[in-house]
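A.B. asks: Structure provided below as structure tokens; questions to follow.
What follows is calculated from the coordinates using simple rules that are stated; it is not laboratory data. These figures come from a predicted structure and were not determined experimentally. Neighbour counts are summed over all protein chains in view; Cβ atoms, including those assigned to glycine, are modelled from backbone coordinates with ideal geometry.
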Amino acid sequence: MRAELIQELQLLQNSRANKFVDELTDRILSSVDAVNEKVLSSMSKRGSMLMLLDKRLNFSTLRKLRRRFFRP
């Protein structure tokens, strides 16, 4: 009887430990996923802003060169 109670207590402790590990893992993974999403979003926004800046810079540079060298 005593061995059965000890075994049942061990099973209960293992069950609680597994539940705690699962909850902790879920919290960590959800926070890591949120951070990854924010980083990817900011990198995407920064990349598109840099592309727009490059596009505008090229057009303005071309306009200046055209005005300077190809005056009608």
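A.B. asks: Just to confirm the number: angle between the C-alpha axis of helix 2-69 and the first principal axis of the chain, 0 to 90 degrees, nearest 10?
C.D. replies: 0 degrees
A.B. asks: Hey, another quick one. Check cross-link reach from residue 45 to the lysines: straight Cα distance under 16 Å, and skip same-chain residues fewer than eight apart.
C.D. replies: The reachable lysines, counting only those whose Cα sits under 16 Å from residue 45, are 55.
A.B. asks: Among 50, 36, 12, which residue has its Cα positioned farthest towards the positive end of the charge dipole of the chain, with +1 placed on the Cβ of Lys and Arg, -1 on the Cβ of Asp and Glu, and the dipole taken about the Cα centre?
C.D. replies: Value computed over the given set: 50.
A.B. asks: Something else about it: Could you give the nm distance between label points at residue 48 and residue 35, where each point is 7 Å from its Cα heading toward the beta carbon?
C.D. replies: 2.5 nm
A.B. asks: Separate question: For P(r) over Cα pairs in 5 Å bins from 0, in percent, one of [x] 3, 16, 25, 23, 15, 8, 5, 3, 1, 0, 0; [y] 3, 16, 32, 29, 15, 4, 0; [z] 3, 13, 8, 9, 7, 7, 8, 6, 6, 5, 5, 4, 4, 3, 3, 3, 2, 2, 1, 1, 0, 0 was computed from the structure I shared and the rest are decoys. Which label?
C.D. replies: Comparing each candidate, only [z] matches the computed number.
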